1. Hey, with R₀ at 41 Å, roughly what FRET efficiency would residue 170 and residue 97 work out to, going by the Cβ-Cβ distance, to 0.05?
2. Compute the separation of the alpha-carbon centres of region 21-42 and region 155-188 and state it in Å as a whole number.
3. Would you kindly state how much longer the chain becomes between residue 26 and residue 1 on full extension, computed as 0.36 nm times their sequence separation minus their alpha carbon distance, in nm to one decimal?
4. Top mean-square fluctuation among 70, 117, 140, Gaussian network model of the chain, C-alpha springs under 10 Å?
5. In a GNM of the chain with a 10 Å cut-off on Cα contacts, which of 183, 87, 141 has the highest mean-square fluctuation?
6. Quickly estimate the mean residue ellipticity at 222 nm for the chain, helices only: each DSSP H run with n ≥ 4 gives -39500 (n - 2.57), and the total goes over all residues, rounded to 500.
7. Rounded to whole Å and sorted largest first, list the principal axis extents of the Cα atoms in region 2-161.
């Protein structure tokens, strides 16, 4: 069984996340795709992040119509900072033998991989799926820092969707439309909960 993993703050989840996940599912023949909202992202501990309950609900609504997409709250339920290597270990324990994990990561995040917790252990626990982004990084430089990395990287050929969570937040705060940047269900929830508006800051 092949399981895809897309982790992130999802503040909020947007169409770029969904397109990337579906492309990975189809092209890598994944049996299911897990969306894992971060609890306390260790790289963003100093950032103002929307409470996990709202971010989880936005993910739930965004993926509800795709039977292959599953919500996994393992990191939200974990106390303290979230680390990918710990999440992968738990998923391996829960999944048992015969399961391959495909961890989707952006180029920018991949460039920071040597700074992650136990990065060499992480790349042994999964296949790294490199999501296409506009900016490119020198993978050979990373290979020098983490020998064997290139053997674990799968480069995903997928459309580049120039949408970011920060863009969505900025547009909401400015009173601009976010239609088609997020799903209708997520847009309705943002309006309903008054998320990202200037008045809530």
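Please treat every number below as a calculation from the coordinates, not as lab data. What you see is a predicted model, and the numbers here were worked out from it, not measured in a lab. Glycine also receives a Cβ, built like all others from the backbone with ideal geometry; neighbour counts cover every protein chain displayed.
1. 0.35
2. 18 Å
3. Taking residue 26 through residue 1 to full extension adds about 7.6 nm, to one decimal.
4. Highest fluctuation among the options: 140.
5. Evaluated over the chain, the most mobile residue of the options is 141.
6. For the chain, the value works out to -11500 deg cm²/dmol.
7. That works out to 40, 36, 35 Å along the principal axes.
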